[in-house]
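Reading through the C-alpha coordinates given below for one structure.
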(Lines give C-alpha, C1' and ligand atoms only; values in the text may rest on other atoms or scores of the structure.)
Protein backbone atom coordinates (compact mmCIF):
# COMPACT_ATOMS: atom_id res chain seq x y z
CA UNK A 1 0.00 0.00 0.00
CA UNK A 2 2.86 2.35 0.79
CA UNK A 3 4.43 1.66 -2.58
CA UNK A 4 1.21 2.54 -4.38
CA UNK A 5 0.91 5.82 -2.45
CA UNK A 6 4.55 6.69 -3.19
CA UNK A 7 4.10 5.97 -6.91
CA UNK A 8 0.85 7.99 -7.06
CA UNK A 9 2.43 10.90 -5.20
CA UNK A 10 5.41 10.83 -7.61
CA UNK A 11 3.05 10.95 -10.59
CA UNK A 12 1.15 13.84 -8.99
CA UNK A 13 4.41 15.69 -8.28
CA UNK A 14 5.58 15.14 -11.85
CA UNK A 15 2.28 16.44 -13.19
CA UNK A 16 2.60 19.59 -11.06
CA UNK A 17 6.21 20.22 -12.02
CA UNK A 18 5.99 19.55 -15.76
CA UNK A 19 2.52 20.84 -16.52
CA UNK A 20 2.45 24.01 -18.57
CA UNK A 21 0.13 26.83 -17.64
CA UNK A 22 -2.71 27.08 -20.14
CA UNK A 23 -4.72 30.24 -20.65
CA UNK A 24 -8.46 30.09 -20.46
CA UNK A 25 -8.89 30.98 -24.12
CA UNK A 26 -6.56 31.22 -27.05
CA UNK A 27 -6.69 30.85 -30.82
CA UNK A 28 -3.59 29.90 -32.81
CA UNK A 29 -1.47 30.83 -29.80
CA UNK A 30 -3.06 34.28 -29.42
CA UNK A 31 -4.34 34.88 -25.88
CA UNK A 32 -7.94 36.01 -25.72
CA UNK A 33 -9.15 38.02 -22.72
CA UNK A 34 -11.71 36.39 -20.47
CA UNK A 35 -15.34 37.47 -20.56
CA UNK A 36 -15.86 37.70 -24.29
CA UNK A 37 -18.61 36.30 -26.46
CA UNK A 38 -17.55 34.31 -29.50
CA UNK A 39 -19.52 35.46 -32.53
CA UNK A 40 -17.68 33.56 -35.27
CA UNK A 41 -15.04 30.84 -35.52
CA UNK A 42 -13.60 29.12 -38.56
CA UNK A 43 -10.34 27.30 -39.14
CA UNK A 44 -8.62 30.54 -40.04
CA UNK A 45 -10.42 33.22 -38.05
CA UNK A 46 -12.12 33.89 -34.73
CA UNK A 47 -14.19 36.93 -33.75
CA UNK A 48 -14.90 37.83 -30.12
CA UNK A 49 -16.95 40.71 -28.65
CA UNK A 50 -16.01 42.27 -25.30
CA UNK A 51 -17.99 44.74 -23.23
CA UNK A 52 -14.84 46.67 -22.31
CA UNK A 53 -13.11 49.75 -23.59
CA UNK A 54 -10.67 49.64 -26.48
CA UNK A 55 -7.92 50.90 -24.15
CA UNK A 56 -8.41 47.98 -21.74
CA UNK A 57 -8.31 45.32 -24.47
CA UNK A 58 -5.40 47.10 -26.16
CA UNK A 59 -3.46 47.14 -22.88
CA UNK A 60 -4.12 43.40 -22.48
CA UNK A 61 -2.49 42.67 -25.85
CA UNK A 62 0.38 45.09 -25.28
CA UNK A 63 1.14 43.34 -22.00
CA UNK A 64 0.77 39.91 -23.58
CA UNK A 65 3.29 40.67 -26.33
CA UNK A 66 5.64 43.06 -24.52
CA UNK A 67 8.43 40.48 -24.14
CA UNK A 68 8.20 39.04 -27.65
CA UNK A 69 7.26 41.82 -30.04
CA UNK A 70 10.28 41.95 -32.36
CA UNK A 71 8.22 40.83 -35.37
CA UNK A 72 5.00 42.63 -34.41
CA UNK A 73 3.77 45.96 -35.72
CA UNK A 74 1.10 47.89 -33.83
CA UNK A 75 -0.95 50.17 -36.11
CA UNK A 76 -3.30 52.55 -34.32
CA UNK A 77 -6.15 54.44 -35.90
CA UNK A 78 -9.04 56.19 -34.18
CA UNK A 79 -11.24 53.45 -32.75
CA UNK A 80 -9.04 50.64 -34.05
CA UNK A 81 -5.79 48.81 -33.30
CA UNK A 82 -4.23 46.33 -35.68
CA UNK A 83 -1.41 44.04 -34.57
CA UNK A 84 0.37 42.39 -37.49
CA UNK A 85 2.93 39.60 -37.27
CA UNK A 86 5.81 39.59 -39.72
CA UNK A 87 7.51 36.57 -38.16
CA UNK A 88 6.73 32.89 -38.04
CA UNK A 89 3.66 32.84 -35.80
CA UNK A 90 0.68 30.81 -37.05
CA UNK A 91 -1.53 33.92 -37.08
CA UNK A 92 -1.30 36.99 -39.29
CA UNK A 93 -3.22 39.79 -37.59
CA UNK A 94 -5.25 40.77 -34.54
CA UNK A 95 -7.72 43.57 -35.21
CA UNK A 96 -9.43 45.42 -32.35
CA UNK A 97 -12.34 47.66 -33.38
CA UNK A 98 -14.40 49.91 -31.09
CA UNK A 99 -18.10 49.52 -31.97
CA UNK A 100 -20.75 52.23 -31.72
CA UNK A 101 -22.34 50.60 -28.66
CA UNK A 102 -19.03 50.74 -26.74
CA UNK A 103 -18.10 47.10 -27.17
CA UNK A 104 -14.83 45.96 -28.72
CA UNK A 105 -14.62 43.35 -31.48
CA UNK A 106 -11.40 41.32 -31.55
CA UNK A 107 -10.68 39.43 -34.76
CA UNK A 108 -7.74 37.02 -34.99
CA UNK A 109 -6.89 35.94 -38.53
CA UNK A 110 -4.60 33.19 -39.75
CA UNK A 111 -2.30 33.51 -42.74
CA UNK A 112 -4.09 32.50 -45.92
CA UNK A 113 -2.66 31.45 -49.25
CA UNK A 114 -4.40 34.38 -50.87
CA UNK A 115 -2.59 36.85 -48.61
CA UNK A 116 0.76 35.07 -49.03
CA UNK A 117 0.53 34.89 -52.83
CA UNK A 118 -0.70 38.49 -53.10
CA UNK A 119 2.26 39.68 -51.04
CA UNK A 120 4.69 37.72 -53.20
CA UNK A 121 3.08 39.03 -56.40
CA UNK A 122 3.26 42.65 -55.18
CA UNK A 123 6.92 42.21 -54.27
CA UNK A 124 7.66 40.76 -57.71
CA UNK A 125 5.87 43.62 -59.45
CA UNK A 126 7.64 46.15 -57.22
CA UNK A 127 11.08 44.75 -58.06
CA UNK A 128 10.16 44.65 -61.76
CA UNK A 129 9.05 48.30 -61.71
CA UNK A 130 12.19 49.45 -59.87
CA UNK A 131 14.46 47.59 -62.29
CA UNK A 132 12.54 48.99 -65.28
CA UNK A 133 12.93 52.55 -63.98
CA UNK A 134 16.65 51.98 -63.42
CA UNK A 135 17.03 50.58 -66.95
CA UNK A 136 15.29 53.61 -68.46
CA UNK A 137 17.39 56.02 -66.35
CA UNK A 138 20.68 54.32 -67.23
CA UNK A 139 19.73 54.14 -70.93
CA UNK A 140 18.83 57.84 -70.98
CA UNK A 141 22.05 58.79 -69.17
CA UNK A 142 24.10 56.68 -71.58
CA UNK A 143 22.43 58.28 -74.61
CA UNK A 144 23.01 61.79 -73.25
CA UNK A 145 26.64 61.14 -72.36
CA UNK A 146 27.41 59.48 -75.69
CA UNK A 147 25.98 62.44 -77.64
CA UNK A 148 27.78 65.02 -75.53
CA UNK A 149 31.16 63.38 -75.64
CA UNK A 150 33.28 64.12 -78.68
CA UNK A 151 35.33 61.41 -80.24
CA UNK A 152 39.00 61.82 -79.53
CA UNK A 153 41.20 62.49 -82.52
CA UNK A 154 44.06 60.12 -83.04
CA UNK A 155 47.49 61.78 -82.77
CA UNK A 156 49.98 60.80 -85.34
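The values are calculated or read from the model by the stated rules, or taken from the named source; none is laboratory data. No experiment lies behind these values; they were computed from the predicted model shown. A quick note on method: Cβ atoms are made from the backbone with ideal geometry, for glycine too, and the neighbour counts reach across all protein chains shown.
Some values worked out for this structure:
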quantity: Flag if residue 81 is closer than 22 Å to residue 46 by Cα, assigned by TED's automatic domain parsing to the domain that holds residue 40 and either without any contact (Cβ under 8 Å) to a residue 12 or more places away in the chain or touching a helix residue (DSSP H, G or I) at 6+ places or on another chain (Cβ under 9 Å) (or both); calculated: yes
quantity: Single residue of 57, 46 found to be surrounded by 17 or more Cβ atoms within 10 Å (Cβ to Cβ), closer than 16 Å to residue 109 by Cα and touching a residue at least 40 places away in the same chain (Cβ under 8 Å); calculated: 46
quantity: Selection within the range 68-98 - exposed (fewer than 12 other Cβ atoms within 10 Å of the Cβ), at pLDDT 85 or above and part of a loop (DSSP other than H, G, I, E, B); calculated: 78
